[in-house]
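Peer 1: Please find one structure pasted underneath; my questions will follow.
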Amino acid sequence: MDAPDPLLPAALPSAARGWTALRDPNRYGIWRHRPALGLSADIPEISLGEGDTPIVPLKRWGSAHGVRRVLAKLEYVSPTGSFKDRGAAAVIAVLAGAGVTSVVEDSSGNAGAAMAAYAARAGLRARIFVPESAPAAKRDQIAGYGAEVVAVAGSREDVATAAEHAAHAPDVAYASHARHPAFVEGTKTFGLEIAAALADDPPLHIVLPVGNGGLLLGAFKAYGELAAAGYQVSLPRLHAAQTSACAPLAAAFAAGADAPLPVQAQPTVAGGVAVGRPARGAEVLVAIRASGGSTVQIDDDTARRTRADLSRLEGVDLEYTSAVGFAAAASLRASGVIESADRVLIAATGIGLKDAGV
(Lines give C-alpha, C1' and ligand atoms only; values in the text may rest on other atoms or scores of the structure.)
Protein backbone atom coordinates (compact mmCIF):
# COMPACT_ATOMS: atom_id res chain seq x y z
CA MET A 1 0.00 0.00 0.00
CA ASP A 2 1.31 3.42 -0.92
CA ALA A 3 1.91 5.88 1.91
CA PRO A 4 2.21 9.68 1.70
CA ASP A 5 5.50 11.34 0.88
CA PRO A 6 6.81 12.58 4.24
CA LEU A 7 7.65 16.02 2.88
CA LEU A 8 4.29 16.70 1.25
CA PRO A 9 1.78 18.52 3.48
CA ALA A 10 -1.21 16.69 4.88
CA ALA A 11 -4.55 18.49 5.21
CA LEU A 12 -4.62 19.44 8.89
CA PRO A 13 -7.85 20.65 10.49
CA SER A 14 -8.17 24.41 10.27
CA ALA A 15 -6.74 26.55 13.03
CA ALA A 16 -10.18 28.11 13.33
CA ARG A 17 -11.21 24.97 15.22
CA GLY A 18 -8.39 25.34 17.75
CA TRP A 19 -5.66 22.99 18.95
CA THR A 20 -8.16 20.39 20.12
CA ALA A 21 -9.11 19.72 16.50
CA LEU A 22 -5.75 18.00 16.05
CA ARG A 23 -6.55 15.31 18.62
CA ASP A 24 -9.22 12.66 19.09
CA PRO A 25 -9.66 12.02 22.84
CA ASN A 26 -11.21 8.63 22.13
CA ARG A 27 -7.97 7.27 20.64
CA TYR A 28 -4.55 6.58 22.14
CA GLY A 29 -0.92 6.51 21.04
CA ILE A 30 0.00 8.46 17.93
CA TRP A 31 -3.57 7.82 16.80
CA ARG A 32 -4.75 10.57 19.14
CA HIS A 33 -3.56 12.74 16.27
CA ARG A 34 -5.49 10.78 13.64
CA PRO A 35 -7.22 13.99 12.41
CA ALA A 36 -3.76 15.39 11.60
CA LEU A 37 -2.12 12.27 10.16
CA GLY A 38 -1.84 11.88 6.39
CA LEU A 39 -2.82 8.20 6.59
CA SER A 40 -5.95 6.77 5.01
CA ALA A 41 -8.93 5.93 7.22
CA ASP A 42 -8.77 2.21 6.44
CA ILE A 43 -5.31 1.78 8.01
CA PRO A 44 -5.61 -0.09 11.34
CA GLU A 45 -4.49 1.64 14.53
CA ILE A 46 -1.54 -0.36 15.88
CA SER A 47 -0.42 1.14 19.18
CA LEU A 48 1.30 0.50 22.49
CA GLY A 49 0.46 3.94 23.88
CA GLU A 50 3.42 5.77 22.32
CA GLY A 51 3.58 9.56 22.27
CA ASP A 52 2.49 12.30 24.70
CA THR A 53 5.94 12.12 26.29
CA PRO A 54 6.72 14.54 29.15
CA ILE A 55 8.38 17.89 28.64
CA VAL A 56 10.43 18.76 31.72
CA PRO A 57 12.69 21.70 32.65
CA LEU A 58 16.38 21.05 33.26
CA LYS A 59 17.19 23.86 35.67
CA ARG A 60 20.39 22.48 37.20
CA TRP A 61 21.90 21.21 33.94
CA GLY A 62 20.84 24.37 32.14
CA SER A 63 22.37 26.55 34.82
CA ALA A 64 25.64 24.65 34.50
CA HIS A 65 25.75 25.55 30.81
CA GLY A 66 24.36 29.07 30.94
CA VAL A 67 20.94 28.27 29.47
CA ARG A 68 18.17 29.51 31.74
CA ARG A 69 15.21 28.02 29.87
CA VAL A 70 16.06 24.54 28.68
CA LEU A 71 13.55 21.72 28.37
CA ALA A 72 13.86 18.02 27.63
CA LYS A 73 11.15 16.01 25.90
CA LEU A 74 11.53 12.55 27.38
CA GLU A 75 11.06 10.34 24.36
CA TYR A 76 12.79 7.54 26.23
CA VAL A 77 9.62 6.85 28.24
CA SER A 78 8.13 5.39 25.04
CA PRO A 79 7.05 1.71 25.16
CA THR A 80 10.37 0.33 23.83
CA GLY A 81 12.53 3.12 25.25
CA SER A 82 13.02 5.41 22.25
CA PHE A 83 11.26 7.86 19.93
CA LYS A 84 11.31 5.24 17.18
CA ASP A 85 8.00 3.91 18.53
CA ARG A 86 6.17 6.84 16.93
CA GLY A 87 7.34 5.97 13.44
CA ALA A 88 7.19 2.21 13.94
CA ALA A 89 3.52 2.40 14.95
CA ALA A 90 2.71 4.15 11.68
CA VAL A 91 4.87 1.94 9.44
CA ILE A 92 3.61 -1.35 10.88
CA ALA A 93 0.01 -0.11 10.71
CA VAL A 94 0.39 0.75 7.02
CA LEU A 95 2.01 -2.60 6.23
CA ALA A 96 -0.52 -4.58 8.27
CA GLY A 97 -3.31 -2.74 6.49
CA ALA A 98 -1.80 -3.78 3.17
CA GLY A 99 -1.95 -7.46 4.18
CA VAL A 100 1.75 -7.91 4.89
CA THR A 101 2.55 -10.86 7.17
CA SER A 102 6.35 -10.58 7.53
CA VAL A 103 8.73 -7.62 7.76
CA VAL A 104 12.47 -7.00 7.73
CA GLU A 105 14.28 -3.97 9.11
CA ASP A 106 17.87 -2.81 9.55
CA SER A 107 18.84 -0.93 12.67
CA SER A 108 21.60 -0.14 15.12
CA GLY A 109 19.13 -1.18 17.82
CA ASN A 110 16.32 1.22 18.69
CA ALA A 111 14.41 1.12 15.42
CA GLY A 112 14.79 -2.65 15.34
CA ALA A 113 13.31 -2.94 18.81
CA ALA A 114 10.44 -0.66 17.88
CA MET A 115 9.63 -2.49 14.66
CA ALA A 116 9.88 -5.86 16.41
CA ALA A 117 7.54 -4.76 19.19
CA TYR A 118 4.92 -3.28 16.89
CA ALA A 119 5.16 -6.24 14.52
CA ALA A 120 4.44 -8.48 17.52
CA ARG A 121 1.52 -6.22 18.44
CA ALA A 122 0.13 -6.60 14.91
CA GLY A 123 0.79 -10.33 14.71
CA LEU A 124 3.48 -10.02 12.04
CA ARG A 125 6.77 -11.92 11.81
CA ALA A 126 9.90 -9.77 12.01
CA ARG A 127 13.51 -10.27 11.01
CA ILE A 128 15.82 -7.51 12.24
CA PHE A 129 19.32 -6.95 10.81
CA VAL A 130 21.77 -5.27 13.21
CA PRO A 131 25.49 -4.45 13.21
CA GLU A 132 27.68 -6.94 15.04
CA SER A 133 28.68 -4.01 17.26
CA ALA A 134 25.10 -3.34 18.42
CA PRO A 135 24.87 -3.38 22.25
CA ALA A 136 23.78 -6.71 23.69
CA ALA A 137 20.94 -5.01 25.58
CA LYS A 138 19.43 -3.84 22.30
CA ARG A 139 19.83 -7.19 20.59
CA ASP A 140 18.28 -8.97 23.54
CA GLN A 141 15.37 -6.56 23.55
CA ILE A 142 14.67 -7.22 19.86
CA ALA A 143 14.83 -10.97 20.34
CA GLY A 144 12.54 -10.68 23.34
CA TYR A 145 9.75 -9.47 21.08
CA GLY A 146 10.00 -12.71 19.12
CA ALA A 147 11.93 -11.28 16.18
CA GLU A 148 14.83 -13.04 14.49
CA VAL A 149 18.03 -11.05 15.05
CA VAL A 150 20.60 -11.19 12.25
CA ALA A 151 24.01 -9.70 13.14
CA VAL A 152 25.92 -8.39 10.12
CA ALA A 153 29.65 -7.67 9.94
CA GLY A 154 30.80 -4.44 8.33
CA SER A 155 29.38 -0.93 8.16
CA ARG A 156 25.90 0.33 8.95
CA GLU A 157 25.34 0.46 5.19
CA ASP A 158 26.25 -3.24 4.90
CA VAL A 159 23.50 -3.97 7.41
CA ALA A 160 20.98 -2.01 5.31
CA THR A 161 22.03 -3.83 2.14
CA ALA A 162 21.51 -7.21 3.82
CA ALA A 163 18.02 -6.20 4.91
CA GLU A 164 17.14 -4.92 1.45
CA HIS A 165 18.13 -8.25 -0.09
CA ALA A 166 16.05 -10.14 2.47
CA ALA A 167 13.03 -7.98 1.63
CA HIS A 168 12.98 -9.40 -1.91
CA ALA A 169 11.64 -12.70 -0.56
CA PRO A 170 7.96 -13.45 -1.29
CA ASP A 171 5.41 -11.97 1.15
CA VAL A 172 8.06 -9.90 2.95
CA ALA A 173 8.01 -6.09 3.30
CA TYR A 174 10.89 -3.75 4.08
CA ALA A 175 9.80 -1.83 7.20
CA SER A 176 12.60 0.71 6.87
CA HIS A 177 12.59 3.52 9.40
CA ALA A 178 15.02 5.33 7.09
CA ARG A 179 12.97 5.01 3.92
CA HIS A 180 9.32 4.20 4.55
CA PRO A 181 7.39 7.49 4.29
CA ALA A 182 4.92 6.55 7.04
CA PHE A 183 7.75 6.69 9.58
CA VAL A 184 7.97 10.47 9.32
CA GLU A 185 4.20 10.70 9.47
CA GLY A 186 4.46 9.01 12.86
CA THR A 187 7.31 11.20 14.13
CA LYS A 188 5.35 14.25 13.03
CA THR A 189 3.38 13.80 16.25
CA PHE A 190 6.54 14.81 18.17
CA GLY A 191 6.34 18.25 16.57
CA LEU A 192 2.58 18.51 16.97
CA GLU A 193 2.89 17.83 20.71
CA ILE A 194 5.61 20.45 21.17
CA ALA A 195 3.73 23.10 19.21
CA ALA A 196 0.50 22.56 21.16
CA ALA A 197 2.04 22.18 24.63
CA LEU A 198 4.30 25.23 24.26
CA ALA A 199 2.03 27.42 22.15
CA ASP A 200 2.17 30.31 24.64
CA ASP A 201 5.96 30.22 25.00
CA PRO A 202 7.43 28.25 22.09
CA PRO A 203 11.04 27.08 21.85
CA LEU A 204 13.39 29.06 19.67
CA HIS A 205 15.65 26.01 19.25
CA ILE A 206 15.10 22.26 19.05
CA VAL A 207 18.23 20.15 19.30
CA LEU A 208 18.16 16.49 18.25
CA PRO A 209 20.66 13.68 17.66
CA VAL A 210 20.48 12.85 13.95
CA GLY A 211 21.43 9.70 12.07
CA ASN A 212 18.81 9.21 9.36
CA GLY A 213 16.92 12.26 10.60
CA GLY A 214 13.43 10.85 11.04
CA LEU A 215 12.62 12.86 14.17
CA LEU A 216 13.97 16.13 12.77
CA LEU A 217 11.97 15.64 9.58
CA GLY A 218 8.88 14.88 11.63
CA ALA A 219 9.24 18.13 13.55
CA PHE A 220 9.85 20.07 10.34
CA LYS A 221 6.78 18.53 8.71
CA ALA A 222 4.58 19.25 11.72
CA TYR A 223 5.42 22.94 11.85
CA GLY A 224 5.04 23.36 8.10
CA GLU A 225 1.60 21.79 8.09
CA LEU A 226 0.48 23.72 11.15
CA ALA A 227 1.45 27.00 9.51
CA ALA A 228 -0.35 26.00 6.32
CA ALA A 229 -3.51 25.29 8.34
CA GLY A 230 -3.39 28.76 9.90
CA TYR A 231 -1.95 27.99 13.32
CA GLN A 232 0.14 30.76 14.84
CA VAL A 233 3.44 28.91 14.98
CA SER A 234 7.03 29.79 14.21
CA LEU A 235 9.38 27.05 13.05
CA PRO A 236 12.09 26.60 15.71
CA ARG A 237 15.70 26.47 14.62
CA LEU A 238 16.41 22.77 14.13
CA HIS A 239 19.93 21.72 15.15
CA ALA A 240 21.29 18.31 14.15
CA ALA A 241 23.77 16.68 16.52
CA GLN A 242 26.08 14.04 15.07
CA THR A 243 28.94 11.99 16.40
CA SER A 244 32.31 13.17 15.11
CA ALA A 245 33.02 9.52 14.32
CA CYS A 246 30.40 9.64 11.54
CA ALA A 247 29.08 13.05 10.48
CA PRO A 248 28.05 13.11 6.80
CA LEU A 249 25.35 15.72 7.38
CA ALA A 250 27.58 18.01 9.41
CA ALA A 251 30.26 17.76 6.72
CA ALA A 252 27.73 18.62 4.01
CA PHE A 253 26.27 21.51 6.00
CA ALA A 254 29.71 23.02 6.56
CA ALA A 255 30.59 22.65 2.88
CA GLY A 256 27.29 24.06 1.64
CA ALA A 257 26.53 20.77 -0.10
CA ASP A 258 23.00 19.66 -0.93
CA ALA A 259 23.55 16.00 -0.04
CA PRO A 260 25.48 14.14 2.68
CA LEU A 261 29.20 13.89 2.00
CA PRO A 262 31.03 10.54 2.03
CA VAL A 263 32.71 9.78 5.36
CA GLN A 264 34.77 6.94 6.76
CA ALA A 265 32.82 5.92 9.85
CA GLN A 266 34.80 5.13 12.99
CA PRO A 267 33.72 3.11 16.03
CA THR A 268 31.59 5.15 18.46
CA VAL A 269 29.47 4.74 21.57
CA ALA A 270 26.77 6.77 19.79
CA GLY A 271 25.81 4.00 17.38
CA GLY A 272 22.31 5.34 16.83
CA VAL A 273 23.62 8.27 14.78
CA ALA A 274 26.49 6.45 13.07
CA VAL A 275 24.80 6.45 9.66
CA GLY A 276 27.24 7.08 6.84
CA ARG A 277 24.69 7.45 4.05
CA PRO A 278 21.38 8.73 5.46
CA ALA A 279 18.64 7.90 2.99
CA ARG A 280 16.85 11.23 3.41
CA GLY A 281 19.97 13.26 4.04
CA ALA A 282 19.18 15.83 1.37
CA GLU A 283 15.77 16.48 2.91
CA VAL A 284 17.33 16.78 6.36
CA LEU A 285 19.74 19.42 5.08
CA VAL A 286 16.84 21.34 3.52
CA ALA A 287 14.99 21.28 6.85
CA ILE A 288 18.00 22.43 8.88
CA ARG A 289 18.71 25.32 6.52
CA ALA A 290 15.07 26.34 6.15
CA SER A 291 14.76 26.59 9.92
CA GLY A 292 17.96 28.58 10.37
CA GLY A 293 19.46 25.66 12.27
CA SER A 294 22.91 24.16 12.32
CA THR A 295 24.90 20.97 12.77
CA VAL A 296 27.25 20.03 15.60
CA GLN A 297 29.77 17.20 15.92
CA ILE A 298 30.31 15.62 19.34
CA ASP A 299 33.09 13.20 20.30
CA ASP A 300 32.65 10.12 22.46
CA ASP A 301 34.34 11.52 25.56
CA THR A 302 31.97 14.50 25.54
CA ALA A 303 28.98 12.20 25.08
CA ARG A 304 30.11 10.13 28.08
CA ARG A 305 30.53 13.19 30.29
CA THR A 306 27.20 14.61 29.22
CA ARG A 307 25.39 11.37 29.94
CA ALA A 308 26.92 11.27 33.42
CA ASP A 309 26.07 14.93 34.08
CA LEU A 310 22.42 14.52 33.10
CA SER A 311 22.06 11.52 35.38
CA ARG A 312 23.76 13.27 38.30
CA LEU A 313 22.14 16.69 37.95
CA GLU A 314 18.66 15.82 36.71
CA GLY A 315 18.02 12.10 37.14
CA VAL A 316 17.77 11.79 33.35
CA ASP A 317 19.35 8.53 32.14
CA LEU A 318 20.26 8.73 28.47
CA GLU A 319 21.84 6.39 25.99
CA TYR A 320 25.02 7.84 24.47
CA THR A 321 23.29 8.68 21.19
CA SER A 322 20.80 10.82 23.06
CA ALA A 323 23.55 12.44 25.13
CA VAL A 324 25.04 13.71 21.86
CA GLY A 325 22.02 16.00 21.47
CA PHE A 326 22.47 17.53 24.93
CA ALA A 327 26.20 17.95 24.36
CA ALA A 328 25.39 19.75 21.12
CA ALA A 329 23.07 22.15 22.92
CA ALA A 330 25.86 22.97 25.39
CA SER A 331 28.25 23.53 22.48
CA LEU A 332 25.76 25.82 20.73
CA ARG A 333 25.43 27.87 23.92
CA ALA A 334 29.21 28.07 24.27
CA SER A 335 29.55 29.31 20.68
CA GLY A 336 26.78 31.90 21.08
CA VAL A 337 24.31 30.31 18.65
CA ILE A 338 22.02 29.74 21.64
CA GLU A 339 21.74 32.74 23.98
CA SER A 340 21.18 32.43 27.70
CA ALA A 341 17.55 33.60 27.59
CA ASP A 342 16.52 31.47 24.59
CA ARG A 343 13.97 28.73 25.17
CA VAL A 344 15.56 25.47 24.09
CA LEU A 345 14.03 22.01 23.77
CA ILE A 346 16.25 18.93 23.51
CA ALA A 347 14.98 15.51 22.47
CA ALA A 348 15.88 12.80 25.00
CA THR A 349 15.57 10.15 22.34
CA GLY A 350 16.67 6.90 24.01
CA ILE A 351 16.98 5.46 27.51
CA GLY A 352 20.36 4.71 29.08
CA LEU A 353 19.45 1.11 29.88
CA LYS A 354 19.91 0.35 26.18
CA ASP A 355 23.63 1.12 26.47
CA ALA A 356 24.30 -0.90 29.60
CA GLY A 357 27.91 -2.06 29.61
CA VAL A 358 28.96 0.00 26.57
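Peer 1: Is one or more of the residues making up the range 139-149 within 18 Å of residue 213 (Cβ to Cβ) and either in contact with a helix residue (DSSP H, G or I) (Cβ under 9 Å, 6 or more places away or on another chain) or assigned by TED's automatic domain parsing to the domain that holds residue 273 (or both)?
Peer 2: no
Peer 1: I would also like to ask the following. Quick check on the range 261-269. Is at least one of its residues without any contact (Cβ under 8 Å) to a residue 60 or more places away in the chain, in the same structural domain as residue 295 (by TED's automatic domain parsing), under 18 Å from residue 70 (Cα atoms) and not β-branched (Val, Ile, Thr)?
Peer 2: no
Peer 1: Out of (1) over 16 Å from residue 74 (Cβ atoms); (2) surrounded by 20 or more Cβ atoms within 10 Å (Cβ to Cβ); (3) modelled with pLDDT under 95, what's the single condition that is false for residue 338?
Peer 2: Unmet condition: (3).
Peer 1: While we're here: List the helices (runs of 4 or more DSSP H) inside the range 179-278, counting only whole elements, that have at least 3 residues being among the β-branched types (Val, Ile, Thr), closer than 19 Å to residue 90 by Cα and within 16 Å of the chain's Cα centre (by Cα).
Peer 2: So the answer is 181-197.
Peer 1: Here is a follow-up. If I ask for residues that are aromatic (Phe, Trp, Tyr) and more than 21 Å from the chain's Cα centre (by Cα), which ones from the range 20-66 would you list?
Peer 2: Selection gives 61 alone.
Peer 1: Hey, any hits in the range 228-243 for a residue that's buried (at least 20 other Cβ atoms within 10 Å of the Cβ), out of contact with any Leu (no Cβ under 8 Å at 6 or more places or on another chain) and farther than 24 Å from residue 200 by Cβ?
Peer 2: So far as the range 228-243 goes, yes, one or more of its residues are buried (at least 20 other Cβ atoms within 10 Å of the Cβ), out of contact with any Leu (no Cβ under 8 Å at 6 or more places or on another chain) and farther than 24 Å from residue 200 by Cβ.
Peer 1: Looking at the range 299-358 only, could you name the residues that are small (Gly, Ala, Ser), in contact (Cβ under 8 Å) with a residue 40 or more places away in the chain, under 16 Å from residue 242 (Cβ atoms) and not in a strand (DSSP E or B)?
Peer 2: Those that are small (Gly, Ala, Ser), in contact (Cβ under 8 Å) with a residue 40 or more places away in the chain, under 16 Å from residue 242 (Cβ atoms) and not in a strand (DSSP E or B): 303, 322, 323, 325, 327, 328, 329, 330.
Peer 1: Let me spell it out: the conditions are (1) touching a residue at least 12 places away in the same chain (Cβ under 8 Å); (2) in a helix (DSSP H, G or I), and residue 150 meets all of them except one. Which number is the exception?
Peer 2: (2)
Peer 1: Additional query: I need a count of the residues in the range 83-136 that are part of a strand (DSSP E or B) and of a type outside the set (A, V, I, L, M).
Peer 2: Here the count works out to 7.
Peer 1: Now for a separate question. In the list 34, 27, which residue meets the criterion of being at pLDDT 90 or above, among the basic types (Lys, Arg), buried (at least 17 other Cβ atoms within 10 Å of the Cβ) and not assigned by TED's automatic domain parsing to the domain that holds residue 123?
Peer 2: 34
Peer 1: From 87, 81, 144, 99, which residue is out of contact with any strand residue (DSSP E or B) (no Cβ under 8 Å at 6 or more places or on another chain) and surrounded by 24 or more Cβ atoms within 10 Å (Cβ to Cβ)?
Peer 2: Answer to the selection: 87.
Rundown of residues vs (1) surrounded by 24 or more Cβ atoms within 10 Å (Cβ to Cβ); (2) hydroxyl-bearing (Ser, Thr, Tyr), yes/no style:
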site	(1), (2)
169	no, no
173	no, no
177	yes, no
182	yes, no
186	yes, no
189	yes, yes
193	no, no
201	no, no
207	yes, no
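The values are calculated or read from the model by the stated rules, or taken from the named source; none is laboratory data. Since this is a predicted model, take the numbers as computed values, not measurements. All Cβ positions, glycine included, derive from the backbone under ideal geometry; neighbour counts span all protein chains shown.
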